[in-house]
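The values are calculated or read from the model by the stated rules, or taken from the named source; none is laboratory data. Note that the structure is predicted; figures quoted are calculated from it, not measured. For neighbour counting, all protein chains shown are included, and Cβ atoms are generated from backbone atoms with ideal geometry for every residue, glycine included.
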Amino acid sequence: MSEDQAGSDLNESKQQKIRGVFSSQEVKKVGTGTTTRKTIQKAFWYCEEKSDGSLEMQPLNPNYVPSGPKKSVSREEFLTHFSPEPELYVSTVYPKMREITKTVAMADRHRAHNELYSAEMEYNKVLHVDEENVRANFGLGLTYLEHGDTSKAQNIFSRLVKLDGAFEEEHKHLFNEFGIKLRKNGMVDHAVDYYERALSLAHKDENLFYNLARAWLEKKNIDKVLEYLLKSLELNPKLEPAIKFLAWLEEKNLVPESKKQDVTVAVARGRAD
């Protein structure tokens, strides 16, 4: 890849989207009174233009890897306040991003083959460079849960619930799988906290509501179970696992009188042609 290819292109054409490393500068005052002086602080950002034309910026960490919260900026702000750094992208950032992607993929393959020790090593390699890497954190957490190490899994859980990026659409299958594994490993309170955190950022995901209902069943709170099952079916009336779950609750006479009509209607609607 040449520098021109790897660096950003400010051409407005639809064929080439903006992608690369950019810098911004901020003037700050240091000291007080007669000792006041101005310093210029330079920050580096990875920018990627999304399919809808928006510009998404993510700061580089001290290891020159995109990490941490992302933010969107207008094209006007981008052109005014950010300067291209193509050489840094080509020589340092792009190779590190590619290496991280390869290492996470290798770790995922190890985990898929139940080679948990090797998976743990590869995920940790990534986290030494980027401790907020979402895929590596999920992968490591799932690895710990798969071999029953709930203490280490709890540490990963504590990290993940603080990462907004963990609950983005692209990681949907990972955060659902992680919550299910928490529940199945007896970490039910953690599973509930985790799903509620996920719903605060992805509140239109019927599977999250369904999985939260499963967690509340473990805690024997039928009111909460019904609340979240009905919410899941509001989003997707044909969600078969939720319909079967409600029907099972009816069969076991676990539905309180005040909710019987809502449950009957939801089940009938879901089973209608």
Residue among Thr92, Thr103, Thr80 that alone is of a type in the set (S, T, N, Q), closer than 29 Å to Asn185 by Cα and either without any contact (Cβ under 8 Å) to a residue 40 or more places away in the chain or out of contact with any helix residue (DSSP H, G or I) (no Cβ under 8 Å at 6 or more places or on another chain) (or both): Thr103
Every pair of residues 6+ apart whose Cβ atoms lie under 8 Å, when the first sits in region 166-185 and is more than 17 Å from Ser67 (Cα to Cα) while the second is surrounded by fewer than 15 Cβ atoms within 10 Å (Cβ to Cβ) and of a type in the set (Gly, Ala, Ser): Asn185/Gly148
Residue list for region 68-87, restricted to those being assigned to a loop (DSSP other than H, G, I, E, B) and loosely packed, with under 11 Cβ neighbours inside 10 Å: Ser74
Count of residues meeting criterion [of a type outside the set (Lys, Arg) and within 14 Å of Phe178 (Cα to Cα)] in region 110-148: 14
Checking Ala198 against (1) in contact with an Asp or Glu (Cβ under 9 Å, 6 or more places away or on another chain); (2) more than 14 Å from Ala242 (Cβ to Cβ); (3) modelled with pLDDT of 90 or more, the condition it does not meet: (3)
Members of region 185-212 found to be over 21 Å from the mean Cα position of the chain (by Cα) and either of a type in the set (D, E, K, R) or at negative phi (or both), listed by number: Asn185
Listing of helices (runs of 4 or more DSSP H) fully contained in region 165-273 that carry 1 or more residues being under 30 Å from Pro59 (Cα atoms): 172-184, 188-201, 206-218
Residue count, region 109-134 (criterion: surrounded by fewer than 20 Cβ atoms within 10 Å (Cβ to Cβ), out of contact with any Ser or Thr (no Cβ under 9 Å at 6 or more places or on another chain) and either under 25 Å from Val188 (Cα atoms) or of a type in the set (Gly, Ala, Ser) (or both)): 3
Which listed residue is among the aliphatic types (A, V, I, L, M), modelled with pLDDT of 95 or more, surrounded by 11 or more Cβ atoms within 10 Å (Cβ to Cβ) and more than 30 Å from Phe167 (Cβ to Cβ), from Val65, Val90, Val21: Val90
Lone unmet requirement of (1) surrounded by 14 or more Cβ atoms within 10 Å (Cβ to Cβ); (2) closer than 19 Å to Ala191 by Cα for Lys220: (1)
